[in-house]
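To keep things clear, I will list the structure first and then write my remarks on it.
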Amino acid sequence: MNEATGRPLRELLPALPQATLHGDPGALITGITEDSREVRAGNLFVAYEGVQVDGHDFIPDAIQRGAAAVVVEHSMASMAQSLTLGHRVHQKVPLIVVPSGREALAHLSAAWHNFPARQMAMIGVTGTDGKTTTVNLIYHILRAAGYRTGMISTVNAVLGDTVHDTGLHTTTPDAPDVQRYLVEMVAAGTTHAVLEATSEGLAQHRVTACDFDIAVVTNITHEHLYAHGTFEKYREAKAMLFRGLASARQKPGLPKTAVLNADDPSYDYLRAIPANRHLSYTLKGTGTLKGTGALAHPADITASDIRPSPQALAFTAHTPVGDFPVHIPLIGRYNVYNCLAAIAVGIALEAPVEAMQAGIRALGGISGRMERIDCSLSATGGQPFTVIVDFAHTPAALEQALRTVRGLAEGRVWVVFGCAGLRDVGKRPMMGEIAARLADFAVLTAEDPRTEPLEEIIEQIAAGCESEGAVEGESYWRIEDRGEAIRFAIERARPGDLVLVTGKGHERSMCFGTTEYPWSDQEAVREALREVLCR
């Protein structure tokens, strides 16, 4: 993880909230890793129980490769029984016993890089939908305000003048990667960092030790129950971002601020979590909401006079620093919520109104977020219908996307989508119902089936379609091959129609079984368009 010559173990241990050391605190550490295959001489190996494998099983391998110390989640007695090298290991290699190996990995990674998050203003954004867009909006506002700003989203990481791809599937990078990105930001002179924090990223401590100053939520709806078990646990995972404000390093002139969606059911739950300052935003009425007490609390930031167009949105923002017009080059009323959340962060950081306006206006297209794909060929004339790729993969997001494109289509609306395997089963019929109700035609297809039978996933979606009166072969179809499904809809699109392809967005792979295969909705759409338009 680091090419430093080495540091005594005792210098890293104070970063751990709870730890018991068995062994020499003076052991020289040359790096930190949780992957036994990457262990080099002098490394600190962090073991934890993962989703697929238990890192404790690889402790003997890590030691044989030269690990100088080992972090374990179990008691020393139970570890002695599980290690094939027996008691001799404990005499030579220090063991650090912690409640959570994942949490320890985050704190140790931060300590190894000298706590880069403590050297910047840190903004974390969580929620079910709209996180990536909101992160980008905040990034552009802060840049327009003159701040040297970095960003880590599920699409990419922007570190100074360098852009890194952060992964094939939507997730928060692992804690060592997050801390490495942050130290690169510090080296580039970054003063403000914006991080997208998924529920899994929070629950698995990937953004622990980031010392957030501002926590933002977009919404909390039905999603990711496969990982958390219940909606309450999912909501609590999101709440970790806000609870972390209290334990994060207090930085001069940066009050810990919680930015909350007053229109979301999560408001009361999150509002009860202490922070130095709470800012709320709303689109409903005058922004008066019922909080945790008997009195109503007025929302801080509201919008009025919302004017959508085929390419953009305009509205008037009402804020504690005055009212001002806003123009955003994105479609969909839900993006007004994302703008208001970003404006709240601008207010918390005292960004000028002009910077908030300019930053929002400067936002370009975001990969897989209401992304228009146009493949017009001069020999055949313009593309006679619209095709949009969007990441919508939750019931709420699919409904928002379909309502948005309905207002853009002159003709009929087609939607091509699926549901991921080994993920929330309950949302599948819900999404089928939404598609049948809001689209004219639906094509049900693959979306990372993983080890689940694809036909069973599609059957569950189809049940939702039929509950809304959709008829197979007339208003909905099942086509397992995603490329064929996209081509099917595009071939049948008439002039003025709109084809919406959802679920994959920016992702560049699709998982069948346990293998990730290269995939791009955008390329699949372009290929189908070239075939159709060149006939």
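The values are calculated or read from the model by the stated rules, or taken from the named source; none is laboratory data. Only a predicted model underlies this, so the values are computations on that prediction, with no experimental measurement involved. Here Cβ is always computed from backbone atoms with ideal geometry, including for glycine, and neighbour counts include all displayed protein chains. Note: areas computed on protein heavy atoms with side chains; ligands, DNA, RNA excluded. Shrake-Rupley method; radii C 1.70, N 1.55, O 1.52, S 1.80 Å.
For the stretch 131-154, a residue qualifies if it is crowded, with 24+ Cβ neighbours inside 10 Å and farther than 23 Å from residue 397 by Cα, and the qualifying residues are 141, 142, 149, 150, 151.
Among the residues of the stretch 18-37, count how many are open to solvent by 40 Å² or more (accessible area, probe 1.4 Å) and either over 13 Å from residue 65 (Cβ atoms) or of a type in the set (A, V, I, L, M) (or both).
Residues of the stretch 18-37 open to solvent by 40 Å² or more (accessible area, probe 1.4 Å): 18-25, 28, 34, 37.
Within this subset, residues satisfying the condition of being either over 13 Å from residue 65 (Cβ atoms) or of a type in the set (A, V, I, L, M) (or both) are 18-25, 28, 34.
Counting residues in the stretch 18-37 that are open to solvent by 40 Å² or more (accessible area, probe 1.4 Å) and either over 13 Å from residue 65 (Cβ atoms) or of a type in the set (A, V, I, L, M) (or both) gives 10.
Only residues that are of a type outside the set (D, E, K, R), closer than 24 Å to residue 411 by Cβ and open to solvent by 70 Å² or more (accessible area, probe 1.4 Å) were counted across the stretch 459-511, and they come to 1. Please verify whether the stretch 512-520 includes one or more residues that are within 22 Å of residue 200 (Cβ to Cβ), open to solvent by less than 20 Å² (accessible area, probe 1.4 Å) and not polar (S, T, N, Q). Looking through the stretch 512-520, none of the residues is within 22 Å of residue 200 (Cβ to Cβ), open to solvent by less than 20 Å² (accessible area, probe 1.4 Å) and not polar (S, T, N, Q). Out of the residues in the stretch 29-62 that are assigned to a strand (DSSP E or B) and at pLDDT below 95, which is nearest to residue 211 (Cα to Cα)? Here the residue is 49. Filtered by the rule that a residue be charged (D, E, K, R) and over 11 Å from residue 351 (Cβ atoms), the stretch 114-153 gives 118, 129, 131, 148. Only residues that are under 26 Å from residue 305 (Cα atoms) and surrounded by fewer than 22 Cβ atoms within 10 Å (Cβ to Cβ) were counted in the stretch 233-265, giving 3. When the stretch 193-210 is filtered for residues that are over 13 Å from the mean Cα position of the chain (by Cα), buried (at least 24 other Cβ atoms within 10 Å of the Cβ) and not hydroxyl-bearing (Ser, Thr, Tyr), the ones remaining, listed by number, are 193, 204, 209, 210. When residue 368 is tested against the conditions (1) in contact with a His (Cβ under 9 Å, 6 or more places away or on another chain); (2) on the phi < 0 side of the Ramachandran plot, the lone failure is (2).
Checking each residue in the stretch 174-225 for being in contact with a His (Cβ under 7 Å, 6 or more places away or on another chain) and on the phi > 0 side of the Ramachandran plot picks out only 209. Kindly evaluate residue 175 against the criterion of being of a type in the set (Gly, Ala, Ser) and open to solvent by 30 Å² or more (accessible area, probe 1.4 Å). Criteria not met by residue 175. In this structure, residue 347 does not qualify as closer than 29 Å to residue 523 by Cα, modelled with pLDDT of 90 or more and either open to solvent by 50 Å² or more (accessible area, probe 1.4 Å) or not in a loop (DSSP other than H, G, I, E, B) (or both).
Restricted to the stretch 89-130, and to residues there that are of a type in the set (Gly, Ala, Ser) and within 30 Å of residue 396 (Cα to Cα), the residue that is most open to solvent (accessible area, probe 1.4 Å) is 130. Give the stretch 145-160 a look and list any residue that's small (Gly, Ala, Ser), assigned to a loop (DSSP other than H, G, I, E, B) and within 21 Å of residue 352 (Cβ to Cβ), or say none. The answer is 145, 146.
Taking the criterion of being of a type in the set (Ser, Thr, Tyr), within 20 Å of the chain's Cα centre (by Cα) and modelled with pLDDT of 95 or more, the only residue of the stretch 307-344 that qualifies is 337. Residues of the stretch 20-43 that are hydrophobic (A, V, I, L, M, F, W, C) and out of contact with any helix residue (DSSP H, G or I) (no Cβ under 6 Å at 6 or more places or on another chain): 21, 28, 41.
In summary, residue 534 fulfils each of the numbered conditions (1) hydrophobic (A, V, I, L, M, F, W, C); (2) open to solvent by less than 70 Å² (accessible area, probe 1.4 Å); (3) over 22 Å from the mean Cα position of the chain (by Cα) with the single exception of condition (2). Spot the failing condition for residue 274; the list is (1) buried (at least 19 other Cβ atoms within 10 Å of the Cβ); (2) more than 15 Å from the chain's Cα centre (by Cα); (3) in a loop (DSSP other than H, G, I, E, B), and only one is missed. Among (1) buried (at least 19 other Cβ atoms within 10 Å of the Cβ); (2) more than 15 Å from the chain's Cα centre (by Cα); (3) in a loop (DSSP other than H, G, I, E, B), the lone unmet condition for residue 274 is (1).
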